[in-house]
Amino acid sequence: MCARLISFAELAACGVGAVLSASGAPAGAPARVNYARPFEPPTRPALIALPAGEVAPRGWLRDWCEAARDGFTGHMEDDHLAFRQAWATNYTMRGDALNWPKGGWPYEGGGYWFDGLARLGYALHDETLIRQAQNRFGAVTGRMNGDAILFLWWLDKNKAQDVKGAQVSDAWPLWASGLLGRALAGYYDAAKDPLALRTLETAYGGGAWMRMGWGMSNPWPAFDAYTWTGNKAIAAQLTALFASNGGGSDPGGGSWNRYRTPPNPRPGAEKNDHVVHFLESTTPWALGYLWTGKREFLEAALAWHEHLARVAMQPSGVPVADEWYGPTGAFRGTETCDVAAYLWSQICLLTISGQGRLADRAERAFFNAGPITVSRDFKAHVYFQSPNRVVDGSPNYPHGPKAEGNSYQRTHQPLCCTAALNRTLPWYVTHMWMATYDNGLVAAHYGPCVVNARVADGVPVRIECTTDYPFNETIEMSVAPARAAEFPVSFRIPGWCASPAIQVNGADVKATPDASGFVRVARLWKPGDAVRLRFPMEARVATGTDANAQNAPFAAVSYGPLLFALPIAETKDENTPDPSARWRFALDANRVNLAVERGPMPAKWDWPSASPLKIRADAEPIDWPVSTNAPSLPAQAVAGKGPAERVALVPYGCAKFRISMFPLAADGNTVRP
C-alpha cells in the first residue's frame, strides 16, 4: 500500500476551519421541538445534546465502559479518602482550608468524578451507579439554602469571613463549585430530579458568584439553569458577563477576559497558559453567542482552539499540556485532566457551532489519548502521557508529579487526574448522537451503540449501530421508529475520509458533505429501515519537526482517526517494558511501504497489545542513544545501520510503551521533508 504523505501541520489542523452557520432553528422548524428547553434565548445552538441514558454503548465500547464501572468510576471512594470527603456532609472546609492544597481539593475532584459517575450510570442503565450518584449529589441538594455561596451550602454570603474564604487562591473554591454545577446539570437533564434543579437555580440566582473563579466553570451550568427556569437573577448575571464591560470578576485579575476576543495571530504574541485554565476559560465564551446573538463570541472561542491546535497539537489528538502548553514533542506530556477537558471542549463547541471538524478532533483524542490515560483494567492511570514512552518514570516532566507522572498508579498527587479520567468515556458515549431543532437526529461520533430518542412529533425511535469502528470502516444501522415518520438524520463525514459511501435500504445516497461536514437524509423512515455507512481509511504518514529537540524531524503514521505506534512489549505489568524489545527504528517517509492487516475482534475488548488491527511498515534500525532523564529524538535525520526491517504497528491506545513519533531516516545526505 502506498501511504499518503502529509505535513504534520495538516494533521494537527483537523477541526480548524471557517466558522459556519449555527443559527439554531431552521426556517419552517416545528412549533414543538422535542428537546428544546422552555427559556432558550432566540439564538440557538446548532445541535442539542441528548440526556444521558438515551445513548448506550454496545460491543467493544460497552466492554470499556464496564471496565470503568468495575474500576475507577464505580469505586472512587475506595481509592482515596479525598473521594469520600468530596462534597460530603461531614467535610465542610472554611477560610484558608478551602485553598486547594490545604483541604479544598476534594471539591474539584468531586465535581469531576460525579460528572462521570452519573453519565456512566445512565449510559449503562446501571442502577448501582445511578444510586451512588444520587446519594453524592443529595448531600448538596438536600442542604442547599438561599444564603449559600454557590454550592458551598455551609458558607453564608452575608458573613465576611465566609466570603473571604470562598475567594482564596484566585477564587479557586468558586471554580470548583462550577465543576459540581456542570455535573449536577448533566444529572438533572437525565434524572429530572426537581431538587437538583432547585439547587442549580438557588446557586446561580443568588448574586455575582458565577462570574468569579479561577476558571470559567460556572457560566455553563448557570446558562443551563436559566434555560430550564427562566430565572431573572441568573439572566441578569449572564447579561453582565457578556456585556462589553463584563467578563470574569475573579480576584486573580480577570483572567477570563483575555479569551473573550480572538488571539493575536502573530507567532509568539500570546503568552502561555495552564491548559486546564485555557480550556475552561476559552470554551464557555461561545455561550456569549447564544446569549447575545453576537457571533464574535463563538468566533473568538474557535479561534483560540485553532491557536492551541496550531502551536501545541500532538499526533494523538490532544495538545501538549505538561501542565502548560508548548510545541509538539515526542517526549512532551499531556496531563490526563486535559485529555478529559479537551474532549469536553470540542463537544461543547461542536454543539454550538455544528462544525463536524470538531467531532473529528473529539474522535482522534478519544480513540488515541483516551485509552492511554488508564490501565487495561481501568484501575491505574498515568498523570502524563507522551507520544513516545520507552521506559517507566521518564521523562522528568516540568510540573505535577514529574517523572512519576509517567507511571500507571492507583492515584497520583495531586489527585485531579484520578478524578478527571472518569469524564472521558461517558462524555463521548452520551454525545455520539444529538438532536436538531427540526426534530431530527445527528450521528456526531461513531462507534457501536444504540440510541433511543424522540423524532418528528415525538415519535420514539431506536437506532442500533453495529460496528467495530474505528477498527474497521463500516457501520450498519437499523432504524426502528415506533411508526412511520418523516424526520431528518444527519451523518457526519469524517474530514480524513476522501470517498465515503452511504446506503439506505441498499440504495446509494449521495455522500457529499455540506459545509459543516454532514450529509442530511430526510425521508419517511419506517420500522426495518437500514443504513450502511462506509468510511474508507487511508494510511497517512505525517512529517514535522520537534521544536523541543532542535527541530528534530519526525514521522507519524495514521489510519482513519487512529494514530499507530510501534509497541514495546510489556512483561509483568504496564510499567515494565521488555528490556530485550527493539524499538530504535527510523522511518523513511517516502518508502515506508505500509500494509494493513485485520483480524477478528477479541471476545472482550481491553485495548490489547495484540491488536486485531495492525499496519506493517518498513523501518530502518538506527543508533539512538536516549537519556532516561531527558529523552529526545535525534536532532537530524539518521542513517540506518542495516537494511530496513518489517515491523508491526498497532493503534496508539493499545501500546503502553511505544514509539509513535519516529525519527526520520536519512537518504545519504538528504533529509526528506
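Within the range 594-609, the set of residues being in contact (Cβ under 8 Å) with a residue 12 or more places away in the chain and either surrounded by fewer than 16 Cβ atoms within 10 Å (Cβ to Cβ) or of a type in the set (S, T, Y) (or both) comprises A595, V596, E597, R598, G599, P600, K604, P608, S609.
Select, from R143, R136, the only residue that is within 30 Å of A68 (Cβ to Cβ), open to solvent by 10 Å² or more (accessible area, probe 1.4 Å), in a helix (DSSP H, G or I) and at pLDDT 95 or above. Criteria check complete, one pass: R136. Tallying residues that are open to solvent by 10 Å² or more (accessible area, probe 1.4 Å), part of a loop (DSSP other than H, G, I, E, B) and at positive phi within the range 55-109 yields 1. Whether a residue is of a type in the set (K, R) and under 30 Å from V451 (Cβ atoms) was assessed, and R410 does not pass this test. Consider the range 194-239 and keep the residues that are open to solvent by 10 Å² or more (accessible area, probe 1.4 Å), modelled with pLDDT under 95 and not in a helix (DSSP H, G or I). The one that is nearest to A139 (Cα to Cα) is G206. The set of residues from the range 610-634 being closer than 16 Å to P567 by Cβ, in contact with a strand residue (DSSP E or B) (Cβ under 7 Å, 6 or more places away or on another chain) and open to solvent by 20 Å² or more (accessible area, probe 1.4 Å) comprises K614, R616. In the range 497-511, the residue that is nearest to G354 (Cα to Cα) out of those that are open to solvent by 70 Å² or more (accessible area, probe 1.4 Å) and either of a type in the set (F, W, Y) or over 27 Å from the mean Cα position of the chain (by Cα) (or both) is K510. When the residues of the range 564-593 are filtered to those that are free of Cβ contacts under 8 Å to residues at least 12 places away in the same chain and charged (D, E, K, R), the one that is least open to solvent (accessible area, probe 1.4 Å) is D578.
Can you spot a residue in the range 544-554 that is closer than 29 Å to D468 by Cβ and aliphatic (A, V, I, L, M)? Looking for residues that are closer than 29 Å to D468 by Cβ and aliphatic (A, V, I, L, M), one finds none in the range 544-554, hence no. Quick check, is V626 at pLDDT 95 or above and β-branched (V, I, T)? Against the criterion (at pLDDT 95 or above and β-branched (V, I, T)), V626 does not qualify. Residue-level check: of (1) in a loop (DSSP other than H, G, I, E, B); (2) in contact with a Leu (Cβ under 9 Å, 6 or more places away or on another chain), T351 misses just (1).
If we keep just the residues of the range 291-334 that are touching a strand residue (DSSP E or B) at 6+ places or on another chain (Cβ under 8 Å) and of a type in the set (D, E), which is most open to solvent (accessible area, probe 1.4 Å)? The qualifying residue most open to solvent (accessible area, probe 1.4 Å) is E323. Within the range 33-54, being open to solvent by 30 Å² or more (accessible area, probe 1.4 Å) and either in contact with an Asp or Glu (Cβ under 7 Å, 6 or more places away or on another chain) or of a type in the set (G, A, S) (or both) holds for A36, A49.
Within the range 240-267, being over 15 Å from M212 (Cβ atoms), at pLDDT below 85 and open to solvent by less than 70 Å² (accessible area, probe 1.4 Å) holds for no residue. Looking across the range 149-172, just one residue is open to solvent by 10 Å² or more (accessible area, probe 1.4 Å), among the small types (G, A, S) and touching a Leu at 6+ places or on another chain (Cβ under 9 Å), and that is S169. Can you pull out the residues in the range 478-496 that are open to solvent by less than 40 Å² (accessible area, probe 1.4 Å) and not hydroxyl-bearing (S, T, Y)? Within the range 478-496, V479, P481, A485, F487, P488, V489, F491, R492, I493, P494, W496 meet the criteria.
The values are calculated or read from the model by the stated rules, or taken from the named source; none is laboratory data. For clarity, every value in this text was computed on a predicted model and none was experimentally measured. When we count neighbours, we look across all protein chains shown, and the Cβ atoms used for this are built from the backbone with ideal geometry, even at glycine. The accessibility values were calculated without ligands, DNA or RNA, using every heavy atom of the protein model including side chains. Shrake-Rupley method; radii C 1.70, N 1.55, O 1.52, S 1.80 Å.
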